[in-house]
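This report refers to the structure that appears directly beneath it.
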Amino acid sequence: MKQSAAIRPEPNTQRKAAIAAGGAIDHAGKVEIQVIPDFDLDRTIFQTLEGRLPRYIMRHRVGKEIHWDAQARQSIEARYQEAFGRAPLPQIEPEIIRFMVEECDFDVEHADGSFLDHLYFCFEYAVKHYPQESALVQLLHSILGTGTNTFAMTADKIPALQALLEPQVFAQVEAFPSVLRLLYVGDLRRELWANLSRLDKLESVQMHRVIDNAPITLSADQLWVALNHQLIHFVDFMPVANWHRNRSDTSYILFRDLHAFLSRAGKLDAKVEYTPPQPGPVSGEPADLGSWLTRHIPVGAAEKMAAKSVQRFSEKIGHETAFTLNFG
């Protein structure tokens with residue numbers, strides 16, 4: 001679908017539920033999930049994914065239609081309207097919108113709907129539930145690259161983008177794709193957990209910018225902001241239902257690990273509610289082989305597969321996933 005970055009799209013039902021609740025929700029029993037026949041992965045941000053097994057899994061993971069119970073949909077709509085409704089979002093500088101419209105290409109499907117649907121969901125969620133930081137970071141979070149080597153703009157336009165943003169906002173925008181990849185590769189998460197007892201001495205983290213491999217540095221305070229933005233981002237990738245049987249979904253793996261880390265570290269500053277699932281019957285899931293397989297891959301195997309895939313994406317564009325945590 002062709003959309004303009006200047007037009008705010010209507011959130012879908014799952015997104016409205018997340019915004020209204022301020023967190024992720026397991027909608028088991030309220031949805032019927034159906035496989036989209038002949039789903040074309042090459043029309044999505046996963047078009048660059050390689051390997052028969054990874055592509056097969058991803059196609060069955062995202063190539064689905066969600067059909068909502070009418071009463072559940074009405075209830076979510078009522079809560080969304082009661083809590084926030086279509087209240088105006090903060091005014092976005094016209095020059096930023098102009099840059100997004102004229103200098104960028106967001107015309108690609110996302111896991112659910114268009115890429116702009118995803119960006120505006122993250123933006124609205126941050127406005128409501130992370131007001132102490134600029135929600136512009138979420139609107140622009142993938143402008144310098146996604147995790148699958150798709151780019152909305154070229155590197156030569158970075159100075160023009162930087163001139164439009166406050167320094168703290170630009171620092172988060174340029175680092176977002178890098179932090180995302182480091183979370184998937186896994187070493188950053190492991191090092192942060194290993195240093196949980198001395199995070200008060202963390203001064204900065206050095207990494208490389210995805211789009212051009214330029215070295216960048218975040219202060220410790222900026223890193224906590226970046227990780228809160230990442231957690232909000234993962235809300236939009238959570239399985240719609242049956243979390244206990246979808247634990248090997250890689251976005252869900254990262255969501256629950258990052259949520260647990262930020263909670264333990266006392267750094268969960270955005271409102272992102274999460275209740276771990278309880279065992280129970282699977283409701284409304286497709287019964288085809290592909291869907292069954294995606295649910296039964298061991299968590300560790302799924303995590304390693306995602307890490308290798310992201311590492312290969314970075315190698316293809318000369319992006320280094322090395323990083324350094326600097327402690328005082």
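The values are calculated or read from the model by the stated rules, or taken from the named source; none is laboratory data. These numbers were taken from a predicted model, which means no experiment stands behind them. Counting neighbours? That spans all protein chains shown, and the Cβs are built from the backbone with ideal geometry, glycine included. With ligands, DNA and RNA removed, areas are computed over all heavy atoms of the protein, side chains included. Shrake-Rupley method; radii C 1.70, N 1.55, O 1.52, S 1.80 Å.
Can you find a residue in region 3-25 that is among the acidic types (Asp, Glu), modelled with pLDDT of 80 or more and buried (at least 19 other Cβ atoms within 10 Å of the Cβ)? Among the residues of region 3-25, not one is among the acidic types (Asp, Glu), modelled with pLDDT of 80 or more and buried (at least 19 other Cβ atoms within 10 Å of the Cβ), which makes the answer no.
Do you know which residues across region 158-186 are open to solvent by 20 Å² or more (accessible area, probe 1.4 Å) and in contact with a Phe, Trp or Tyr (Cβ under 8 Å, 6 or more places away or on another chain)? Correct list: ALA160, GLN162, LEU164. Can you name the residue in region 277-296 that is in a loop (DSSP other than H, G, I, E, B) and surrounded by 11 or more Cβ atoms within 10 Å (Cβ to Cβ) and, of all such residues, is modelled with the highest pLDDT? Among them, the one singled out is PRO277. In region 124-171, the residue that is nearest to LYS316 (Cα to Cα) out of those that are of a type in the set (Ser, Thr, Tyr) and either assigned to a loop (DSSP other than H, G, I, E, B) or free of Cβ contacts under 8 Å to residues at least 12 places away in the same chain (or both) is THR148.
Among the listed residues ALA78, ALA83, ALA70, which satisfies the condition of being open to solvent by 60 Å² or more (accessible area, probe 1.4 Å), small (Gly, Ala, Ser) and either modelled with pLDDT of 90 or more or more than 22 Å from ARG312 (Cα to Cα) (or both)?
Values: ALA78 fails: open to solvent by 60 Å² or more (accessible area, probe 1.4 Å); ALA83 fails: open to solvent by 60 Å² or more (accessible area, probe 1.4 Å).
Checking each option against the conditions leaves just ALA70.
SER219 falls short on exactly one of the conditions (1) at pLDDT below 95; (2) surrounded by fewer than 18 Cβ atoms within 10 Å (Cβ to Cβ), and that condition is (1).
Among the conditions (1) touching a helix residue (DSSP H, G or I) at 6+ places or on another chain (Cβ under 6 Å); (2) within 19 Å of THR321 (Cβ to Cβ); (3) open to solvent by less than 40 Å² (accessible area, probe 1.4 Å); (4) at pLDDT 95 or above, ASP212 misses just one, which is (3).
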